[in-house]
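One structure below.
Only the coordinates and a few stated rules stand behind these numbers; no lab work does. The structure displayed is predicted, hence computed values, not measured ones. Here the Cβ positions follow ideal geometry from the backbone for every residue, glycine too, while neighbour counts run over all protein chains shown.
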Amino acid sequence: MSITIQNLSKSYGKQDALKDVSFTLKRGEIVGFLGPNGAGKSTLMKIITSYISQDSGIAKVCNFDTLEEEIESKKRIGYLPENNPLYKKMYIKEYLNFVASIYKIEDKKQRIEQIIQKVRLQAEQHKKIEELSKGYQQRVGLAAALIHNPEVLILDEPTTGLDPNQLEEIRNLIKEVGKDKSVLLSTHIMQEVDKMCERVIIINKGQIVSDKLISDYKKENLDIESHFQSLCD
C-alpha cells in the first residue's frame, strides 16, 4: 500500500483531533477526503507528511514509517498545502530550480522543462510567480509537488477559489497525474469529489464515519453531499 494509517490518534490539550483512525490507499487511487471544519483532515495530512507527529498509532508511506523513517517517507510524497506557500518574488523556473535542488535532482534543467510541460505552464514560464493568476499559481504549486516524481500526492483544498475554467484545468491535471500515484485530496467542494475521485473517506470529530467507492454511491443511488450532511450534522 502507498499509504497505511493504523489506529492513529492525536490530541491538542484536551481536544481530540484524531481518534483511532485507520485506512489504506493503493497506487492509482484518487481518494476524496471530506469533513467539516475542525474534523481532523489537515491534522491527518500533516502527520502523513511528517509535519507533526501522532500521539499513538502508525502512519506509513510506501512502507516507510513517518516517524522512524521520516526522510525516506518524505522523499515519496508530493505535498500541496491549502495556502500554497510560494516564493512569489521568484521567477517560475528559479523557484522550481530551488525545489529541485532540495530533492537533489541530477538533471534539473531537463526535469524542470518536463514538469512545466506536464502542468501546462509553458506560456507563463518566464514570469514571476506574483504575476500569475491563482489558477497558474496552483499549477506552480503542483509542479513543485511533482518535480521529484513522488509516489504519493497529498493535496489540501487544491481547487478552492478557482474560477470555472481554472477549476476544470486543475481537475484534469490531478486526474492525469493520479493514474500512477496515490492521491489523497481534501476538499469542501462535493462536485470535485464526484469528478475526480474513485473513493470517498468522510471524517467527523476526528473519526472516520464513512469509506465508500464512488461506484457504490451510484449503485445505491446515494448523493454524496446528502450522505455527508447526514453523517456530519
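Observations on the model:
- Set of lysines near K219 by C-alpha distance (under 21 Å), chain-local residues within fewer than 8 positions excluded: K195
- Relative contact order (%) - criterion: Cα under 8 Å, at least six apart; region: region 83-149: 47
- Å³ per residue enclosed by the Cα convex hull of region 83-149: 75
- Unsatisfied cross-links (Cα-Cα over 32 Å) in the set K14/K181; K19/K104; K41/K179: K14/K181; K19/K104
- Fewest-first sequence of H188, H227 by Cβ atoms within 10 Å of each Cβ: H188, H227
- Order of F228, F98, F64 - criterion: other Cβ atoms within 10 Å of each residue's Cβ, fewest first: F98, F64, F228
- The listed peptides 131-143, 164-176, 19-31, 99-111, ordered by packing as a protection proxy, come out as 131-143, 19-31, 164-176, 99-111 (highest mean of other Cβ atoms within 10 Å first).
- Most mobile listed residue (D211, D194, D163) in the chain, GNM with C-alpha springs under 10 Å: D163
- Every helix of 4 or more DSSP H residues in the chain counts as -39500 (n - 2.57), and over all residues that averages to -10500 deg cm²/dmol at 222 nm.
- Note on the chain: Cα convex hull, mean projected area over all directions, 12.8 nm².
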